[in-house]
Amino acid sequence: MKKIGILGSTGSIGTQTLSIVRKNRDLQVIALAAGSNVQKLEEQIREFSPGIAVLWEKKAAQELRVRVADTDTKVCSGMEGLLEIAVMEEIEVLVTAVVGMIGIKPTIAAIEAGKTIALANKETLVTAGHLIMPLAAQKKVSILPVDSEHSAIFQSMRGENRERISKILLTASGGPFRGKRREDLKGVTVEDALNHPNWSMGRKITVDSATLVNKGLEVIEAKWLFGVAPEKIQVVVHPQSIIHSMVEYVDGGIMAQLGMPDMKLPIQYALFYPDRRPMEGKRVDFHTLSSLTFESPDTETFQGLAMAYEALREGGSMPTVYNAANEKAVALFLDRKIKFLEIYDLIAGAMEQHKTVCNPSVEEILEAEAATYEYIAHRRD
Ligand code: NDP
Ligand code: MG
């Protein structure tokens, strides 16, 4: 029996993780956590009987506590609750699938407690990679990527000497606006941005795919996960999303991982690594697949990617500002308070006014986040 905890169990990654649990009876759910979705977490508690469930919001947790009073599940709230899950003795693998920087502290606590991390929450490495990776190495803890690209890179490195990598080729679908120019993007709506051609994901990350900020976050994440220099990470647009990423080695050989675009594969791979379990689903059919195509990203139109490289080169607290400004800007866009292209303006403005803190502590990272939120709220007044 492999015992797991899921932070963010009601979200896109969280629910897909639970669908893998349904098919693999040797996985046992010990803990579940979400933000405020009482209804869904109650259903999950009744189906999976975790020992503990956490809702971030106190009032929601209180309501949940009343609703599941007839079960054996203990209900907690807030960061305290997330940290309690992170260090639970029984848990072997912690799936970190919350959205946002809320993931940093629980991830650090889980690494300190020696848990294997199945990492979906990209904000954690983007903002605190310089703290997380050395800590994981020191505690001999594996950080197994859940993001499809990073899982593909990880799979393409199995059995290889990492010193012999010449380049990481990070693929991008290009999102719903691929091929459009800046001019075309002026009037795009929330619905247009949420209409992703290949992947079904949470709302925030779907908008991030449309701006290419998601790819920017993934470049930063890849730098930390695989310890490669930014100039060795090349983004390649591959609209069919069949090749999930590739690694080029010093002899020119390229290893790639291919498959249908389905997040369940990388999630399951992380849960059972180093094993590879059977999984149902559509297969790539090379007889009917007419073409796999590639292009370079249009970084002039989709400035989100160029800004990520800039944040990465600057380092320190700058990736936090890039991420936090984007988070707020996307929320404003989803609330229809700003236009699509203003997302870039807000990120650029926030980065411009920020004074980088080198090698920031968790507290300094959270301060940079708060200051960025304030900057954006202020700019909007
Ligand atoms: P969703 O928005 O679908 O889900 C987010 C989850 O986090 C929900 O369970 C939500 O609970 C929970 N949550 C939000 N705030 C808090 C909080 N303060 N405390 C505890 N839980 C909270 O996001 P996704 O599943 O799409 O993405 C999760 C992470 O994985 C992100 O970092 C994303 O970038 C990354 N990722 C996602 C991929 C995907 O395919 N979806 C692919 C690769 C990476 P509630 O429902 O109650 O709000
Ligand atoms: Mg991805």
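The values are calculated or read from the model by the stated rules, or taken from the named source; none is laboratory data. None of these values were measured; they are calculated from a predicted model. Glycine gets a Cβ as well: all are built from the backbone with ideal geometry, and neighbour counts include every protein chain shown.
Taken over segment 198-241, residues that are modelled with pLDDT of 95 or more, within 13 Å of ligand 1 (Cβ to nearest atom) and among the basic types (Lys, Arg) amount to 1.
Out of curiosity, is residue 89 more than 16 Å from ligand 2 (Cβ to nearest atom), of a type in the set (Asp, Glu) and assigned to a loop (DSSP other than H, G, I, E, B)?
Working: more than 16 Å from ligand 2 (Cβ to nearest atom): yes; of a type in the set (Asp, Glu): yes; assigned to a loop (DSSP other than H, G, I, E, B): yes.
Answer is yes for this residue.
Out of 265, 271, 258, 305, I need the residue that is under 28 Å from residue 2 (Cβ atoms), touching a Gly at 6+ places or on another chain (Cβ under 7 Å) and modelled with pLDDT of 95 or more. Which one? Result: 265 is the single residue among 265, 271, 258, 305 that is under 28 Å from residue 2 (Cβ atoms), touching a Gly at 6+ places or on another chain (Cβ under 7 Å) and modelled with pLDDT of 95 or more.
Working only within segment 107-160, note down all residues that are part of a loop (DSSP other than H, G, I, E, B) and more than 16 Å from ligand 1 (Cβ to nearest atom).
Step one: of segment 107-160, the residues part of a loop (DSSP other than H, G, I, E, B) are 113-115, 120-121, 140-142, 146-147, 157-160.
Scanning segment 107-160 gives 113, 114, 115, 140, 141, 142, 157, 158, 159, 160.
Of all the residues in segment 306-349, those that are on the phi > 0 side of the Ramachandran plot and within 21 Å of the chain's Cα centre (by Cα) number 2. Being in contact with a Lys or Arg (Cβ under 8 Å, 6 or more places away or on another chain) and touching a residue at least 40 places away in the same chain (Cβ under 8 Å) holds for only one residue in 321, 330, 357, and it is 330.
For segment 8-45, filtered to residues that are within 16 Å of ligand 2 (Cβ to nearest atom) and farther than 15 Å from residue 270 by Cα, the residue that is surrounded by the most Cβ atoms within 10 Å (Cβ to Cβ) is 8.
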